[in-house]
Amino acid sequence: MTHPYNGILLVDKPSGISSFNVIYKLRKILNMKKIGHAGTLDPLATGLLIILLGKATKASQYLILHDKVYEGEIKLGEATDSYDAEGKITATKDFEHVSKEDVHVAIKHQTGEFEQLPPMFSAIKVDGQRLYKAARKGIEIKRDTRSVNVYQFDLLQFNTPLLNIRIHCSKGTYIRSIAHDLGEELNCGAHLSSLRRVQSGEFKIEDSLTLEKIEAMTADDVSSSLQDHQVFIPVKNQIKNI
């Protein structure tokens with residue numbers, strides 16, 4: 001039986017799985033093919049993944065424009081080729097000279113509207129080729145900067161070499177690039193060691209279901225549970241706010 005789901009399902013994506021694999025699993029669980037998303041997360045990242053079911057896939061072009069809020073951890077002293085913990089370490093530097101005030105100054109330079117250079121390990125296409133495919137071959141491709149806006153950048157905890165951060169930013173902002181550029185300015189190198197998306201537009205992580213919980217349910221259980229947890233939001237309610 002195909003369940004006529006038409007709405008938005010908020011999923012708390014675990015680390016170590018791609019956004020596509022989340023969709024693949026949900027297609028089996030919900031017994032339906034028409035499932036999309038409103039913005040991917042890197043495999044390393046966890047947190048809010050907006051899943052679009054049925055007719056809700058038409059709302060992707062609007063929902064993907066939402067601002068995002070992330071919480072993460074930056075590790076000083078190590079730069080990687082992917083700008084995150086999945087990549088190879090390309091440089092190791094001393095970080096003992098970095099003070100909390102130094103970090104606050106660097107954060108100010110990464111706040112507001114600015115041009116950001118996307119990492120080579122990204123799904124962006126240049127001349128029809130995905131950048132990450134070239135990066136895996138050790139090829140560096142010239143790429144254009146993109147205008148992004150970091151509305152708020154908070155240092156939650158300073159415990160070198162680790163910095164716990166919270167960032168509210170526009171769509172298309174690479175937190176990995178922010179971590180890398182922060183390390184460059186502090187002259188110690190850095191990479192993003194963990195990342196969690198906690199909000200996208202008005203959607204919040206506390207309103208989501210873990211994939212583990214969804215996987216343990218039958219299709220009928222999911223149907224009744226979605227109503228109880230208020231994470232299955234009719235498309236018409238979203239369109240009113242667009």
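Every listed requirement among (1) farther than 29 Å from LEU162 by Cβ; (2) under 17 Å from the mean Cα position of the chain (by Cα); (3) outside any strand (DSSP E or B) is met by ALA59 save one, (2). Does the range 28-45 contain at least one residue that is at pLDDT 90 or above, in a strand (DSSP E or B), farther than 22 Å from ILE167 by Cβ and not assigned by TED's automatic domain parsing to the domain that holds HIS97? Within the range 28-45 (the criterion being at pLDDT 90 or above, in a strand (DSSP E or B), farther than 22 Å from ILE167 by Cβ and not assigned by TED's automatic domain parsing to the domain that holds HIS97), the answer is yes, since at least one residue qualifies. Of all residues in the range 182-200 being hydrophobic (A, V, I, L, M, F, W, C) and buried (at least 23 other Cβ atoms within 10 Å of the Cβ), which is farthest from LEU155 (Cα to Cα)? Per the criteria, the residue is CYS188. Out of all the residues in the range 67-87, is one or more more than 12 Å from ALA190 (Cβ to Cβ), aliphatic (A, V, I, L, M) and either touching a residue at least 12 places away in the same chain (Cβ under 8 Å) or part of a loop (DSSP other than H, G, I, E, B) (or both)? Yes; the residues of the range 67-87 include at least one that is more than 12 Å from ALA190 (Cβ to Cβ), aliphatic (A, V, I, L, M) and either touching a residue at least 12 places away in the same chain (Cβ under 8 Å) or part of a loop (DSSP other than H, G, I, E, B) (or both).
Restricting the range 60-103 to residues that are of a type in the set (Phe, Trp, Tyr) and either touching a Phe, Trp or Tyr at 6+ places or on another chain (Cβ under 9 Å) or buried (at least 17 other Cβ atoms within 10 Å of the Cβ) (or both), the residue that is farthest from VAL148 (Cα to Cα) is PHE95.
Scanning the range 13-41 for residues that are surrounded by fewer than 21 Cβ atoms within 10 Å (Cβ to Cβ), touching a helix residue (DSSP H, G or I) at 6+ places or on another chain (Cβ under 8 Å) and not aliphatic (A, V, I, L, M) returns PRO14, LYS25, ASN31, LYS33, LYS34, GLY36, GLY39, THR40. Note on the range 94-127: residues that are touching a Ser or Thr at 6+ places or on another chain (Cβ under 7 Å), modelled with pLDDT under 95 and assigned to a loop (DSSP other than H, G, I, E, B) total 4.
The values are calculated or read from the model by the stated rules, or taken from the named source; none is laboratory data. Just so we're clear, the structure is a prediction, and the values are computed from it rather than from any experiment. So basically every Cβ, Gly included, is an ideal-geometry build from the backbone, and we count neighbours across all protein chains shown.
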